[in-house]
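K.L.:
Dumping the structure here so I can ask a few things about it.
The values are calculated or read from the model by the stated rules, or taken from the named source; none is laboratory data. Values in this document were obtained by computation on a predicted structure and should not be read as measured data. Backbone-built Cβ (ideal geometry, glycine too); neighbour counts: all protein chains shown.
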């Protein structure tokens, strides 16, 4: 949805952006616009055997949005997609991770949610509010309001919170 705009803002702020999406994110993003904004390829699959790795250790990782599913996978160390593998590796390597949760209030009460958020917070993950750009405890999105929440989100909140 807003991924090309977020990538462009990061590039404008001086970051070298490498975009990695989950396979299911393909239906939610404009791939061509994202490639143009990030000035490079968008990856969602592991490299093929015999292809050299070209992924360097990042200075920081931004996860926008981080979903209930991704929080659960990361907390459990499940690296079954390229995106989840890259996140698990970054967390294990101590790379600063800034996550913008987009999780509705219906999932918020699931017993695994608070446990996973606590675990990832203790591991160093920082949570950026999708509502106002503040850092702290994540807040739910009222079910059915996602589109309006996304419209109000300011990509500048991300660049303001990244380490330099």
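K.L.:
Is it the case that residue 63 is surrounded by 15 or more Cβ atoms within 10 Å (Cβ to Cβ), under 15 Å from the mean Cα position of the chain (by Cα), free of Cβ contacts under 8 Å to residues at least 60 places away in the same chain and assigned to a loop (DSSP other than H, G, I, E, B)?
P.N.:
Taking the combined requirement at face value, the residue does not satisfy it.
K.L.:
If I filter the range 44-60 down to residues being at pLDDT 80 or above and surrounded by 12 or more Cβ atoms within 10 Å (Cβ to Cβ), which single residue comes out as nearest to residue 3 (Cα to Cα)?
P.N.:
Only one residue fits best here, namely 60.
K.L.:
A further question follows. Just to be sure before I move on: is residue 37 within 22 Å of residue 159 (Cα to Cα), buried (at least 16 other Cβ atoms within 10 Å of the Cβ), touching a residue at least 24 places away in the same chain (Cβ under 8 Å) and within 16 Å of the chain's Cα centre (by Cα) in the structure I sent?
P.N.:
For residue 37, the condition - within 22 Å of residue 159 (Cα to Cα), buried (at least 16 other Cβ atoms within 10 Å of the Cβ), touching a residue at least 24 places away in the same chain (Cβ under 8 Å) and within 16 Å of the chain's Cα centre (by Cα) - is not met.
K.L.:
Enumerate the helices (runs of 4 or more DSSP H) found wholly within the range 77-161, keeping only those where 3 or more residues are under 21 Å from residue 19 (Cβ atoms).
P.N.:
Correct list: 82-92, 156-161.
K.L.:
For the range 44-56, indicate whether the set of residues that are part of a helix (DSSP H, G or I) and over 23 Å from residue 129 (Cα atoms) is non-empty.
P.N.:
The answer is no, given that none of the residues of the range 44-56 is part of a helix (DSSP H, G or I) and over 23 Å from residue 129 (Cα atoms).
K.L.:
Another question, then. What are the residues in the range 141-164 that are touching a helix residue (DSSP H, G or I) at 6+ places or on another chain (Cβ under 7 Å) and under 13 Å from residue 5 (Cα atoms), if any?
P.N.:
Of everything in the range 141-164, those that are touching a helix residue (DSSP H, G or I) at 6+ places or on another chain (Cβ under 7 Å) and under 13 Å from residue 5 (Cα atoms) turn out to be 155, 156, 158, 159.
K.L.:
Please go through the range 132-147 and give me each residue that is at pLDDT 95 or above, out of contact with any strand residue (DSSP E or B) (no Cβ under 6 Å at 6 or more places or on another chain) and surrounded by fewer than 15 Cβ atoms within 10 Å (Cβ to Cβ), ordered by number.
P.N.:
Passing the criteria: 132, 134, 136.
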